[in-house]
Amino acid sequence: MTFVKVQQPKAYFKRFQTKPRRRREGKTDYYQRARLIRQAKDKYNTPKYRLCVRFTNTRVICQIIYATLQGDKILAAADSKELGRYGLTVGLKNYPAAYCTGLLVGRRALQTLGLDETYTGVGNEEEDEVTGEIEKVELGKRTYFVDELDEKRPFRCYLDIGLKRTTVGAKVFGALKGAVDAGLDIPHNEKKFMGYDKDEKKYDADVHRDTIFGESVKAYMEQLIEDDQESGTKRFQEHFGMYEKAGVGPDDLEDLYKEVHAAIRKDPARKHKESAKERAAARSHDKKYKHPTRKTKEERDQSVKEKLALIAAKRAEEDSDDE
């Protein structure tokens, strides 16, 4: 074994401090988190809320969280798997689905706080359709990112993107737009939205609006259908097989998303009032494995007596047959 010289001095190892666990795992950006949870010193115990948007391989998760000394607490949460209740069963991780999930968590949070009737957001009525425009109201030196103000101030929170890259048109900003259109006050600008041109420094709200309603998905579906007809391949079935099974075609997307938005606004509440842990504790048996409820001591003794009596009866019957 060759000799390897230690490159660092002894003082380096004596003073070395291990990074936090979630930093070592590459899960938390503590530089960002410290600035998102830091509260004003002159406001005693006033929490700072943040809209956390996370993506997995199959779904979008949005949560409104505030930090305490005991740990983070969740005010409201929404998962794109819940969109099946509102009519969206396919495409649960694309840009339109991120918008729908942001809209759902925003309406759910306002309903929890009793502000859902005060701040209805954008797209609540047929005349007030969803657009890509940025809504804001200036009052004094402060800017509120809502369409109109009321006596009660809007609910403000800040976007928490985690470790996502902030590229132009990223899906995380689709969830942000959905939460803002729901009526939340989240500081933002148009520079990261779909439709913004960095070179000309101009923002086309119509491009963003088309993306919210799945125009990019529609164009890709039509392209695959055309290519399959020309070459005889089955790429459309490979990429959009679930859409085909659900009966969703390229021309059905915009109407589908409009119906989902309307259904979310009609009833944003959770399916169950109790948490999953409370519902699991209330079950008489574990439905996951369908095991029966464990018998009591008296029931087990009675079962043993019945079995012994049955065995004794069989023996008596056999003895009578032998005689």
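The values are calculated or read from the model by the stated rules, or taken from the named source; none is laboratory data. This one's a predicted model, so the numbers in the text were calculated from it and none came from an experiment. Neighbour counts run over all protein chains shown; Cβ positions are idealised from the backbone, glycine included. When the accessible area is computed, the model is the full protein with side chains, heavy atoms only, and any ligands, DNA or RNA have been set aside. Shrake-Rupley method; radii C 1.70, N 1.55, O 1.52, S 1.80 Å.
Using only the alpha-carbon atoms, how far is helix 297-322 inclined from the longest principal axis of the chain? Give it as 0 to 90 degrees, nearest 10.
40
Which shape class applies to the chain: rounded if a/c is under 1.5, otherwise prolate when a/b exceeds b/c and oblate if not, where a ≥ b ≥ c are the square roots of the Cα gyration tensor eigenvalues?
Note, shape of the chain comes out prolate.
Can you give the charge dipole size of the range 71-131 about its Cα centre, rounded to the nearest 20 debye, using +1 on the beta carbon of Lys and Arg and -1 on the beta carbon of Asp and Glu?
500
With axes computed from alpha carbons, what is the tilt in degrees of helix 215-231 against the longest principal axis of the chain, rounded to the nearest 10 within 0 to 90?
Its long axis makes an angle of about 70 degrees.
Could you run the Debye sum over the Cα atoms of the range 166-223, one equal point scatterer each and no solvent, and tell me log10 of I(q)/I(0) at q = 0.28 Å⁻¹, two decimals?
Scattering profile of the range 166-223, log10 relative to I(0): -1.22.
Find the Cα radius of gyration of the range 40-142, compare it with 2.2 N^0.38 Å by division, and give the number to two decimals.
Relative to the rule-of-thumb radius for its length, the range 40-142 sits at 1.25.
Would you check the accessible area of Lys27, probe 1.4 Å, heavy atoms only, in square angstrom rounded to 10?
110
Can you list the aspartates and glutamates whose alpha carbon is less than 19 Å from that of Lys152, not counting same-chain residues fewer than 8 positions off?
Correct list for Lys152: Asp116, Glu117, Glu135, Glu138, Asp181, Asp185.
What does DSSP give for the range 53-203 in terms of the percent of beta bridges that are antiparallel, rounded to the nearest 5?
The antiparallel fraction comes to roughly 95 percent.
Points 7 angstrom from Cα along the Cβ direction at Thr296 and His272: gap in nanometres?
2.7
Taking a probe of 1.4 angstrom, what is the accessible area of Lys295 in Å², to the nearest 10?
Accessible area of Lys295: about 110 Å².
Considering the dipole of the range 4-150 built from charges on the beta carbon (Lys and Arg +1, Asp and Glu -1) around the Cα centre, which of Phe16, Tyr99, Leu75 is farthest to its positive end?
Phe16
Below 8 Å, C-alpha to C-alpha, sequence gap of six or more: please give me the relative contact order for the range 1-64 in percent.
Relative contact order of the range 1-64: 15 percent.
Give the Cα extents of the range 123-268 along the principal axes, in whole Å, largest first.
Here the spans come out as 63, 40, 30 Å, largest first.
When the helix-only estimate is applied to the chain (DSSP H runs of n ≥ 4, each -39,500 (n - 2.57), divided by the residue count), what is the mean residue ellipticity at 222 nm, nearest 500 deg cm²/dmol?
-12500 deg cm²/dmol
How far is the Cα center of the range 16-91 from the Cα center of the range 97-115, in Å?
The distance from the Cα centre of the range 16-91 to that of the range 97-115 comes to 15 Å.
What residues qualify as long-range amide H neighbours of Ala76, i.e. H under 5 Å apart, gap of 5 or more or another chain, H built at 1.01 Å from N?
For Ala76, the qualifying residues are Ile64.
To the nearest 10 degrees, how steep is helix 171-182 against the longest Cα principal axis of the chain, on a 0 to 90 scale?
With rounding to tens, the tilt is 80 degrees.
What shape does the range 212-321 have by the C-alpha gyration tensor, where a ≥ b ≥ c are the square roots of the eigenvalues, rounded means a/c under 1.5, and otherwise prolate means a/b greater than b/c and oblate the rest?
Since a/c reaches 1.5 but b/c is at least a/b, the shape of the range 212-321 is classed as oblate.
Among the GluC sites (Glu not before Pro) in the range 226-300, which ones are in a DSSP loop with at most 15 other Cβ atoms within 10 Å of the Cβ? Mind listing them?
Glu274
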